[in-house]
């Protein structure tokens, strides 16, 4: 297989060495079997790290053969599958924390929990497990395949949720209102970066980031829970098209049927708010515009790549639980 292009590889190197600064060469990778998590495995391996791709199966998928086949194709032999039975055997101390997240998944499936999409407790469940696996094995760094488009779409989701509440005076979150707002913005994301910077929209984004009302939920680095283990996103500066382009050149186009194994528990025609932003606003955005938006996302991070402020917590304080249809009288003006 061809090596990853030098510019992209140096981008990954600078992120992992500047922000994560792992003391040893062993890195735990949250591996889904999708293109992004496979790409980060390959990049780190090429940089001389010993990667341990860890698949967390909390009961949604039973066939991981393609995920392991892709690892073997690139000579990565240390893939690890941790299923529910193994979790019970080797990690009994995280049972309560894990059960809480799994309970929230079931509540969302049943339509009884509106504070998050199903993606949030699913992600949290896997992070609880992989954090503990890293602890058991003495590792200090966990990485995932979140890339530049994830960081930018998270920023824009935050911005448009803020506008939806405060500019359009919607007292509670309604999906159709949010979708209409996103669709009305599509034309602005076809500009080149230099032209986008001249738009009032650009200044509005900067203003709300400076006011700590808006930011990305995908920082370069964060701590997992109250531990000293860092979750790092080495692909923070890599676009999805660069990842797709690399695998096309290698002739690799077979990944797990879905990179998300909970999609069959929700309406596939109803994208999550962040997916809506990504599909409708960023799919055809020029590369120079994505670079511009990534610069804005970085404005919500400190010099060490952590959040300057926790946007989700701020949103909860500002909006109250009514924003997720819990109690309309609970809005905090």
* To do: For the stretch 211-225, state whether one or more residues are more than 30 Å from residue 94 (Cα to Cα) and more than 22 Å from the chain's Cα centre (by Cα).
  => yes
* Residues of the stretch 223-246 classified as within 16 Å of residue 299 (Cα to Cα) and touching a strand residue (DSSP E or B) at 6+ places or on another chain (Cβ under 8 Å), total -> 1
* Asked: So which residues in the stretch 46-67 are in a helix (DSSP H, G or I) and surrounded by 18 or more Cβ atoms within 10 Å (Cβ to Cβ), if there are any at all?
  -> 67
* Taking residue 259 as the residue in question, decide whether it is part of a helix (DSSP H, G or I) and modelled with pLDDT under 95. => no
* **Test for residue 40: is it closer than 18 Å to residue 236 by Cβ and part of a helix (DSSP H, G or I)** => yes
* Search result, residues across the stretch 179-203 that are free of Cβ contacts under 8 Å to residues at least 24 places away in the same chain, over 14 Å from residue 284 (Cβ atoms) and assigned to a helix (DSSP H, G or I) -> 180, 181, 195, 200, 201, 203
* To do: For residue 234, state whether it is in contact with a helix residue (DSSP H, G or I) (Cβ under 6 Å, 6 or more places away or on another chain) and modelled with pLDDT of 90 or more.
  => yes
* **Candidates 134, 151 - the one that is surrounded by 22 or more Cβ atoms within 10 Å (Cβ to Cβ) and touching a helix residue (DSSP H, G or I) at 6+ places or on another chain (Cβ under 9 Å)** => 151
* Asked: If you go through the stretch 264-272 one residue at a time, do you hit one that is at pLDDT 70 or above and either surrounded by 14 or more Cβ atoms within 10 Å (Cβ to Cβ) or assigned to a helix (DSSP H, G or I) (or both)?
  -> yes
* From 85, 171, 77, residue being modelled with pLDDT under 90, surrounded by fewer than 18 Cβ atoms within 10 Å (Cβ to Cβ) and in a helix (DSSP H, G or I) -> 85
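The values are calculated or read from the model by the stated rules, or taken from the named source; none is laboratory data. Since the model is a prediction, treat every value here as computed from it, not as a measurement. Positions of Cβ are generated from backbone atoms using ideal geometry, with glycine treated the same way; all protein chains shown enter the neighbour counts.
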